[in-house]
Amino acid sequence: MKLSNYFLPILKETPSEAKIKSHQLMLRSGMIRQSASGIYSWLPLGFKVLKNIENVVREEQNNAGAIELLMPTIQSSEIWKESGRYDDYGKEMLRIQDRHERDLLYGPTNEELITQIFRDNIKSYKNLPLMLYHIQWKFRDEIRPRFGVMRCREFLMKDTYSFDIDQAAAELSYKKMFLSYLKTFEKLELKAIPMKAETGPIGGDLSHEFIILAETGESEVYLDKNILDIETKNLDYSIESVNGIIEKYSKFYSATDEKHNKDDFNQIKKNDQMHTRGIEIGHIFYFGDKYSKSMNALINNNEGKNINPQMGSYGIGVSRLPAAIIEAKYNDEFMKWPLSITPFKVAILNLGKNGDEADQKSLEFYNLLCNLKLEPLLDDTSDSPSSKFKNFDLIGIPFQIIIGSKLKKDEYEFKEIGKDKKILSKDEIINFLKEAYKIDQ
Ligand code: 5CA
């Protein structure tokens, strides 16, 4: 993409309504714009990041054995009346009437709808276990939407639902999702810590939040520092691998303020105690037959008896993640997107003028990188070099090729964000990028 053909409305000033750095950066770098309180448009750069995150999340859901479908954003109130949550959900649910005065709602979550789909289509234990997920917009009429896409009213969530024959099988599904969350967040270069959590309006008695540490997070958290060193890299989704995964974490103290226990926390060595803030990027629940019973979903077990399946639900805040990643990776001077989700793989900063040598060199390099699927963003505008440097440190594309007039024919300035510049040849840069992005050609 050439910047002169792109839509990237960069702001020079930090908008005063943005209180935390992720909100500031997302506005300044032209990723999002507010359309109403807690409701945002995703501009091209932000949309690319969002789609890339979606793909990372999707890939690991598929690896864990979950199957993707798509449920609508608008739901009938009938199924919510069956589960009893139509009244319980209160003002957070956006209620709508159609022209026939039928009560509809904009889905805040999908336990009811997935239970209806299950009950209408699955009758036998032979179809279990089953994990279904979708990535769809949700609406919650939050009382205090704030911090941009971090806590908004319309947001993109990945939600998975598991159906199992009994509690032991349901716990295995829960552990698979637990592992898939750790793997997903690792691919996003985030250190997510699972913490025992309250179940709130979703219900049930087993639940974990996945939290990343950040001063600006909304949750107050207490933990034993040693929990940060647990490795999950070599685990796969076999029973042997996932059994014991929760125990691995529960050996070390970690809790949000809702579940915090002072006495237990004080058992930890003083040096290992950590009290800070965090951002909830995922939340998983096991709630047994809460919905299958109230909505009368039945399956035939291997003895020919009708029973209610055991269920769990598992959410990731997909549209919260760009903000969470910025909180973790942006240091007020520069931003560097994880390679797995960067909006462009490499930036070319053309410091030349129309038709001069640097300009020609930039265009040649640009064409070459496009052919190699190294997705460059070429700054071919007439902005000053200093404003190009500033903008690109803000946009966060991990690598920059800077092409001015001072260097010899096959010499280029190459910069990895946050590191010193180097002088490299074209081949050296291409080999470096191919290796970094694991592209073999
Ligand atoms: N049905 C369950 C799991 S599928 C559920 O809805 N869980 S949840 O309420 O915890 O939401 C899942 C994730 O969505 C949260 O961990 C959070 O990352 C994200 N999320 C929740 N509310 C908001 C919001 N108002 N703005 C942005 N993201 C949100």
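Lys415 - would you say it is within 30 Å of Ile279 (Cβ to Cβ), free of Cβ contacts under 8 Å to residues at least 24 places away in the same chain and surrounded by 15 or more Cβ atoms within 10 Å (Cβ to Cβ)?
yes
Please pick out the residue among Pro343, Pro338, Pro376, Pro322 that is in contact with a strand residue (DSSP E or B) (Cβ under 6 Å, 6 or more places away or on another chain) and not hydroxyl-bearing (Ser, Thr, Tyr).
Just a single option satisfies the conditions, and that option is Pro376.
Could you pull out every one of the helices (runs of 4 or more DSSP H) wholly within segment 232-295 that has 1 or more residues that are among the hydrophobic types (A, V, I, L, M, F, W, C)?
239-242, 245-250, 262-266
Within segment 16-33, how many residues turn out to be free of Cβ contacts under 8 Å to residues at least 60 places away in the same chain and either within 24 Å of Phe139 (Cβ to Cβ) or hydroxyl-bearing (Ser, Thr, Tyr) (or both)?
Qualifying residue count, segment 16-33: 3.
Say whether the condition of being in contact with a strand residue (DSSP E or B) (Cβ under 7 Å, 6 or more places away or on another chain) and within 30 Å of Tyr133 (Cβ to Cβ) is met by at least one residue in segment 13-21.
no
Give segment 120-165 a look and list any residue that's surrounded by 19 or more Cβ atoms within 10 Å (Cβ to Cβ) and either acidic (Asp, Glu) or without any contact (Cβ under 8 Å) to a residue 12 or more places away in the chain (or both), or say none.
Listed by number, the residues that qualify are Glu154, Asp159, Asp164.
So which residues in segment 119-139 are within 15 Å of the ligand (Cβ to nearest atom) and touching a Leu at 6+ places or on another chain (Cβ under 8 Å), if there are any at all?
Answer for segment 119-139, where residues must be within 15 Å of the ligand (Cβ to nearest atom) and touching a Leu at 6+ places or on another chain (Cβ under 8 Å): Leu132, Tyr133, His134, Ile135, Gln136, Trp137, Lys138, Phe139.
Within segment 196-214, does at least one residue satisfy the condition of being modelled with pLDDT of 95 or more, closer than 24 Å to Ile67 by Cα, over 20 Å from the mean Cα position of the chain (by Cα) and more than 10 Å from the ligand (Cβ to nearest atom)?
No, because not a single residue in segment 196-214 is modelled with pLDDT of 95 or more, closer than 24 Å to Ile67 by Cα, over 20 Å from the mean Cα position of the chain (by Cα) and more than 10 Å from the ligand (Cβ to nearest atom).
Considering only segment 145-170, how many residues are more than 10 Å from the ligand (Cβ to nearest atom) and farther than 20 Å from Leu70 by Cβ?
7
Go through (1) buried (at least 22 other Cβ atoms within 10 Å of the Cβ); (2) more than 23 Å from Met131 (Cα to Cα) and name the single condition Met195 misses.
The failed condition is (2).
Write out, first by first residue and then by second, each pair whose Cβ atoms fall under 7 Å of each other, whose residues are 6+ apart or on separate chains, and whose first residue, in segment 291-317, is more than 23 Å from Lys175 (Cα to Cα) and free of Cβ contacts under 8 Å to residues at least 12 places away in the same chain while the second is in a loop (DSSP other than H, G, I, E, B) and away from the ligand (no atom under 11 Å from the Cβ).
Here the result reads Asn306/Leu298, each pair linking segment 291-317 to a residue that is in a loop (DSSP other than H, G, I, E, B) and away from the ligand (no atom under 11 Å from the Cβ).
The values are calculated or read from the model by the stated rules, or taken from the named source; none is laboratory data. Quick caveat, the model's predicted, so the values are computed rather than measured. Don't worry about glycine lacking a Cβ; one is built from the backbone with ideal geometry, like all the others, and counts go over all protein chains shown.
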